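First the structure, in the form of structure tokens, and then the observations on it.
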Amino acid sequence: MRATPRLLHPAAWWLWALALAYSSMRTNDPLLLLTIAAVAAVVVGARRGRAPWARAYGLLLRLALLTVVVTVLLQVVLGARYPGHTLFTLPAVPLPSWLGGLSLGGPITGEAVLNAFVSGLRLAVLITCFGAANALAHPARLTRILPAALYEVGVAVVVAMTFVPQLAESLVRVRSAQRLRGRAISGLRGIRGVAVPVLEEALERAIALAASMDSRGYGRRAHLPSTTRRLSGAGVLIGLGAAVVGTYQVISASGGNRIAVMLLCGGTGLAAVAGFVAGRRVRRTRYRPDPWRGPEWLVVCCGGVVALTYVLTVHDELTLGVPYAWPTLRLVPFLATLIGALPAVATPDVPSATPRVAKPALA
Amino acid sequence: MRRLPALFGALALCATAALAIAPPAAASARHVGVVVRYANGRVSAGCARVGGTGLELLGQHHAVRMGTQQYSGFVIEIDGVGTPRPDDTHYWSYWHSGGNGGWRYSSSGAASYRPKAGTVEGWSYVNGQGSAPRPPSRTYAALCGRLDPHAVPRSTAPSSSTASAGSAAPSTVAPAASNTRPAPHAGAPVSVARSRAVATAAAPAPHTRAAKRTASRPPVARSSARSTTSTRSHHATAPPTRHSPRPAPATSPAPSIAAQPAADTSGTNAWPTLGALAVVAALGVTAWVVMRRRAG
Amino acid sequence: MIDFENVSITYGDSPRPVLDDVSVHVPEGELCLVVGSTGSGKSTLLGAVNGLVPHFTGGTVSGHVRIAGRDTRDHPPRELADIVGVVGQNPAATFVADTVEDELAWTMESLAVAPDVMRRRVEDVLDLLGLADLRARSVTSLSGGQAQRVAIGAVLTANPRVLVLDEPTSALDPAAAEDVLAAVHRLVHDLGLTVLMAEHRLERVVQHADTLLWLPGDGTLERDTPRRIMQRTTSTPPIVTLARAAGWDPLPLTVRDARAPARELRDRLPAEPVAADAAPLGSAVATAQALTVRYGPLTALREITLSVRAGEIVALMGRNGAGKSTLLGALCGLVRPSAGTVRLGGTDPRQLRGRDLTRHVGVVPQQPGDLLYGDTVAEECRTADRETGAVPGTAAAVLRRLAGPVEPDLHPRDLSEGQRLCLALAVVLTARPPLLLLDEPTRGLDYPAKVRLVTTLRELAAEGHAVVLATHDVELAAEASVRTVVLADGDVVADGASRAVVTQSPVFAPQIAKVLAPLPYLTVADVLRSAPELIP
């Protein structure tokens, strides 16, 4: 029996991707890292939405690849020499000592390349995890589950994000126009010639959008004393800030301590209380809220299994370079990572929609 | 990048000081002595061909692992000794000697310092001491005399003082391999046992914690690691030692080399890895095919 | 429903109010069209309805504007969202959500409508505006007409009683405009909505209107039936112009109404219109040989072969996305051909840079402002002279000829649409390019500005310039062009004398052609030349 096609709850996908990303940050085993990236790719291939944002995945994948290539190249050309098995020797260019130990050329060792590759790969896997979350559930859909107190901020952020592609579009248009006027589009004058019309247009568009949102009822709210409003707003921000700092302290390499845990708990609590108070002034309803059913639990559990397995079985010393040896397979985390790919088949398919047709435009 | 400011300062000094202080290279010396003093006081001394940085010379006969992330560019482990999170009292200190046995604390990074022929390089692990212990004195002649028979060392009279006797005077100077931001937690050396297993010198039992860590690793990992280190540890004996660059030259009077490089010998252990890689590739291809089919 | 009571609106330190002591009442269920030339205050009037003026734009408002009894003085726009729905000039820029369905629901979410009601209303609106097939589409993938309908639907779901539309069809091709207007018509007739709409293209909308609000431009406002206003305004669609010349009474507003009184005229007119003095055609200025342009999997142009001769005005027509803009882009070297060649007087435009390019081809893009970046009109003209190496004062002289006197210290942004187009044209013409390309030049132009534009283009052609204009405006194409090229899906489907091409097509035929069919008359000017007795 096939489940009715539907989009899963965005939070489920983001949690799943977060779990994969966290797992990838716990290891510097290239084999496991590659497995995580492949698992994310399979799920994206099977369950990404059919809206244009989902196409950004390919772009992010290319960016991830570029990250690896650039990291390795930088290491080969500029990096600190890493002793070990010499793969090949570049002609060494002696640099003056005041350049602080930078060296050009010299013997390139397998250790250096391997370690650069692994550190590039970790970053690349992080990027693909983010790309996967983005392709599976657009961040804009996350605003629908934001608590009322953060809703307006969320909408503002999302709307600001839609400005980037529009800005790029008008940039291309204005540059073409400047070229058609026979004007240099480089140099200070060129930059001004491009920037002035683009910024003017962005401003006009922002005003038009704000006017439209306002006349569509955005920002209607119940009355709340202004002191309460300000206090609750500040409470949300401070609480979230504290929670973020606490989270970083807890999961960062320096290890958890009591203050970090207190920061995390206190911050979350403060944000929750302030959010509840602030949320009372926002009156809005939700159209077709995303349901949270079995498939969502499955997605989150798959991510959870991966993350938990890594917590229990992977204790890589991340600060230590990888030994120059054939990577050995660690069966338990490897198999656990494969569980992360389960949502590709065990969740309902995405509803079909007509694919987007690119529309070219002059100037 | 964090170490750059420190290095700039140090290098400014070093650029002039190294020229002035460094002993003139012995007339026909083609080597540099390398002395490594491990955490437990055990010493390995050898001789490396000149050319390259201090780090590269060290790497000629020692398994060196560099740090990544916040310890990027730091020497973290030599022959499996070291901590993945070095701090103020646990780190590899870096020394120079003119070849006559007296040690001078290095004021520059091993990755940028280029030792001259006829000198001796020292590495000493600081394992909780307040100041860095000097490496044991070894003269160039004692280390490389047999390889450079015509070399005239600057002075003779090697000191035979024990490794832990002296202590570095300038403990305030940041050593090349120490981090300036101490990490709160300093773990025990991770893979001491790996090199111990093949070290020829009598070594005390490894830390229990390290042993536990090693034991928890899958057996495959250990065996391949052993084959890696065993290629390098043949010289880790008391001086005078033999010089055996990799690949071992025919002229070297080195004892038989224990093993081929790791990548060649671990063929049987590579099968699970290859299998996993195949699974990863299959997943990738699946993802690509599904994406193409859905897009079209 | 909408009450203006002694309303005066003044912006900033402007000495003259845009609206001066205006009182008007628009009753419920009326489709009310706001007409007037550019700058007469149409947008201000529309903005005042839901309080965007002055809450958003600034300015001073005296008097009272009341919508269903609510005074905009006390109610900001968001508190009127359940009564007034406003759709701006560029709806695609004001989308907030991802998909059509979410966009439709967004207003209701802000208004805290109950979920089950929301669900029902979204379905109703999807059906009402024919959007059901688009419900899961991303809002960025919509065509112009679809985007306009989605924007209308998005405010309609809040169940407003008044709908305010600012230029809803000016950017649309004729077929898409018909879709939108049919939807609006249905809202008025079936739901009893009050609609206030501003539109330049009267020929498209005037027959739908119950009443007209006429802003003559002096701050006053008149509300009357379309016929009576059309008798008096200077901005009239071609049918009305012809009817007024011929003295038909009652004044016809639709092609159908005009067919009956035109019978007599059809009998009187010669079978072929007296030819206007067309500019003599010179040699080919631009040629495209088997030109193909692909964007990824999409083929925008398929093996186009075309040549444009000096003195020729070519109208490029076709639906949105048919490849008009791509063809213009290829002709000026902005778009790289995937196959085939483009030559401008023997040169590949992609090889040209800087001054060489401006000497070969002049382009006025859809938004003429893109070309301009000076702080004042005078500075812009000086820059154009310097950059093209023309004698100082050339650009200013061209501008004077095109637009009459223009205040030289004004910022280009503060010019009217027509003046800005003229300034961009002047800047481009300073280099005297043999080929002139215009992309949608009539966006936002009122009738007098359009007439001036046509005259200008004719003069340029007479001087030996070749002109190619891509446009949706069938009236402009009929007035100005001697040759029409119709593109569809990247192919040339028709290429020939405008008279032959447009009279054969029901979509691209201008009003006069429809009224006088089967006679091949396209414009009022054609008729007047052949029947000089009609000229007053």
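Read the figures in this text as sums done on the coordinates, not as results from a lab. These numbers were taken from a predicted model, which means no experiment stands behind them. All Cβ positions, glycine included, derive from the backbone under ideal geometry; neighbour counts span all protein chains shown.
Could you give P(r) for chain A, binned at 10 Å from zero, as whole percent values over all Cα-Cα pairs?
All Cα pairs, binned at 10 Å, distribute as 5, 16, 23, 25, 20, 9, 2, 0 percent.
Going Cα to Cα from B:Lys116, which aspartates and glutamates come in below 20 Å? Please leave out same-chain ones fewer than 8 positions away.
Once the sequence-local aspartates and glutamates are set aside, what remains near B:Lys116 is B:Glu56, B:Asp148.
Find the relative contact order for chain C and round it to a whole percent, using C-alpha pairs within less than 8 Å whose residues are 6+ positions apart. Please list the in-between numbers first.
Details: 1080 pairs, mean separation 78.0, N = 536.
It comes to 15 percent, rounded to a whole number.
Can you bin every Cα-Cα distance in region C:373-464 into 10 Å intervals starting at zero and give me the percent of pairs per bin, rounded to whole numbers?
It works out to 17, 52, 30, 2, in whole percents.
In Å and whole numbers, how far do the C-alpha atoms of region C:214-358 stretch along each principal axis, longest first?
Answer, in whole Å and largest first: 58, 43, 34 Å.
Evaluate peptide C:326-335: per residue, the Cβ atoms of other protein chains within 10 Å of its Cβ; return the mean as an integer.
Values: counts 3, 1, 2, 6, 1, 1, 5, 3, 8, 4.
Going residue by residue through C:326-335 and averaging, the value is 3.
Which one, B:Ala117, B:Ser106, B:Leu58, projects farthest toward the positive side of the charge dipole computed for region B:37-119 from Cβ point charges (K/R +1, D/E -1)?
About the Cα centre, the residue reaching furthest to the positive side is B:Ala117.
Amide H to amide H, which residues 5 or more places from C:Val86 or on other chains are under 5 Å from it, using H placed in the peptide plane?
C:Val164
Straight-line reach only, C-alpha to C-alpha below 13 angstrom: list the aspartates and glutamates that C:Lys324 could link to, leaving out same-chain residues fewer than 8 apart.
C:Asp173, C:Asp439, C:Glu440, C:Asp489, C:Asp491
Within straight cross-link reach of C:Lys514, meaning Cα distance under 14 Å, which aspartates and glutamates are found once same-chain residues fewer than 8 apart are removed?
Straight-line reach from C:Lys514, under 14 Å: C:Glu203, C:Asp257, C:Glu475, C:Asp526.
Give the order of C:Ile229, A:Ile108 when sorted by the count of other beta carbons within 10 angstrom, beginning with the fewest. Display every interim value, and only then the final one.
Working: C:Ile229 24, A:Ile108 19.
Final ranking by Cβ density, sparse to dense: A:Ile108, C:Ile229.
What are the principal axis extents of the Cα atoms in region C:180-221, in Å, biggest first?
36, 20, 13
Could you state the angle between the C-alpha long axis of helix C:115-128 and the longest principal axis of the C-alpha atoms of chain C, as a value from 0 to 90 degrees rounded to the nearest 10?
40 degrees
Using Cα pairs under 8 angstrom and six or more residues apart, how large is the relative contact order of region C:320-441, in percent? List each step's numbers first, then the result.
Details: 164 pairs, mean separation 38.6, N = 122.
Across region C:320-441, relative contact order equals 32 percent.
What is the set of long-range amide H partners of C:Leu301 at a cut-off below 5 Å, with H atoms built 1.01 Å from backbone N?
For C:Leu301, whose amide H was placed from the backbone, the distant partners under 5 Å are C:Val293.
Would you please give the residues with an amide H less than 5 Å from that of C:Leu31, counting only those at least 5 places away or on a separate chain, with H modeled from the backbone geometry?
Under 5 Å from the amide H of C:Leu31 lie the amide H atoms of C:Val195, C:Asp210, C:Thr211, each far enough along the sequence or on another chain.
Would you mind giving the mean number of other chain beta-carbons within 10 Å of the Cβ of each residue in C:364-370, as a whole number?
Neighbouring Cβ atoms belonging to other protein chains average 6 per residue here.
How large is ³J(HN,Hα), in whole Hz, for each residue of region C:49-55 in order, when computed from phi with the Karplus curve 6.51 cos²θ - 1.76 cosθ + 1.60 and θ = phi - 60°, using x for Gly and Pro?
5, 10, x, 4, 9, x, 4
Helix-only estimate, please: 222 nm mean residue ellipticity of chain A, summing -39500 (n - 2.57) across DSSP H runs of length 4 or more and dividing by its residues, to the nearest 500.
Working: 12 runs with 230 residues, N = 363.
Value at 222 nm, helices only: -21500 deg cm²/dmol.
Just need the relative contact order of chain A here, percent rounded to a whole number, with Cα pairs under 8 Å and 6+ apart.
Details: 476 pairs, mean separation 116.1, N = 363.
Normalised by residue count, the contact order of chain A is 32 percent.
Calculate the radius of gyration of the Cα atoms of chain C to one decimal place, then report Dmax, the largest Cα-Cα distance, as a whole number, both in Å.
Rg and Dmax of chain C, Cα atoms, are 24.1, 70 Å.
To the nearest µm²/s, what D does Stokes-Einstein give for region B:23-142 at 20 °C and 1.002 mPa s, using the Kirkwood radius over alpha carbon pairs as Rh? Show your work: numbers first, answer last.
Working: Rh = 14.2 Å.
In µm²/s, the coefficient is 151.
Please rank A:Glu111, C:Glu440, fewest neighbouring Cβ atoms within 10 Å first, as an exposure proxy. Each step should come with its number before you reach the end.
Numbers: A:Glu111 24, C:Glu440 21.
Going from least to most buried by this count: C:Glu440, A:Glu111.
Would you compute, from DSSP H runs of 4+ residues alone, the mean residue ellipticity of chain C at 222 nm, taking -39500 (n - 2.57) per run and dividing by the full residue count, rounded to the nearest 500?
Result for chain C, helices only: -10500 deg cm²/dmol.
Roughly how tilted is helix C:100-110, in degrees to the nearest 10 and between 0 and 90, from the longest Cα axis of chain C?
Approximately 40 degrees, to the nearest 10.
Helix C:144-156 against the longest principal axis of chain C: what's the angle in degrees, Cα atoms only, rounded to the nearest 10?
Long axis of C:144-156 versus the principal axis of chain C: about 10 degrees.
Within region C:63-102, list the trypsin sites (Lys or Arg not before Pro) lying in a DSSP loop whose Cβ has at most 16 other Cβ atoms in a 10 Å radius.
On the way: sites: C:Arg66, C:Arg70, C:Arg73, C:Arg78; in loops: C:Arg73.
In loop regions of region C:63-102 (DSSP not H, G, I, E or B), the sparsely surrounded trypsin sites (Lys or Arg not before Pro) are C:Arg73.
In units of 2.2 N^0.38 Å, what is the alpha-carbon radius of gyration of region C:137-255? Let's see the in-between values first.
On the way: Rg = 15.7 Å, N = 119, 2.2 N^0.38 = 13.5 Å.
After normalising by residue count via 2.2 N^0.38 Å, the value is 1.16.
Are there DSSP H segments in chain A that both extend 18 Å or more along their axis (alpha-carbon positions) and score a mean Kyte-Doolittle hydropathy of at least 0.0? List them, or say none. Spell out each step's value before the answer.
Working: long enough: A:10-25 (22 Å, 0.94); A:30-47 (25 Å, 2.13); A:56-77 (31 Å, 2.19); A:110-136 (37 Å, 1.38); A:148-180 (49 Å, 0.95); A:187-215 (42 Å, 0.61); A:226-251 (37 Å, 0.89); A:258-279 (31 Å, 1.70); A:294-313 (28 Å, 1.47).
Those that pass (Cα extent of 18 Å or more, hydropathy at least 0.0) are A:10-25, A:30-47, A:56-77, A:110-136, A:148-180, A:187-215, A:226-251, A:258-279, A:294-313.
Take the alpha carbon atoms of region A:178-221, find their center, do the same for region C:308-322, and report the distance between the two centers in whole angstrom.
30 Å
Rounded to two decimals, what ratio of Rg to Rh does region C:29-108 give with C-alpha atoms and a Kirkwood Rh? Write down the numbers at each step before the final one.
Numbers: Rg = 14.1 Å, Rh = 14.3 Å.
Here the Rg-to-Rh quotient is 0.99.
Using Cβ counts within 10 Å as a stand-in for footprinting exposure, how do A:Val244, A:Val125 rank, fewest first? Walk me through the intermediate numbers first.
Working: A:Val244 13, A:Val125 28.
Ascending number of Cβ neighbours within 10 Å: A:Val244, A:Val125.
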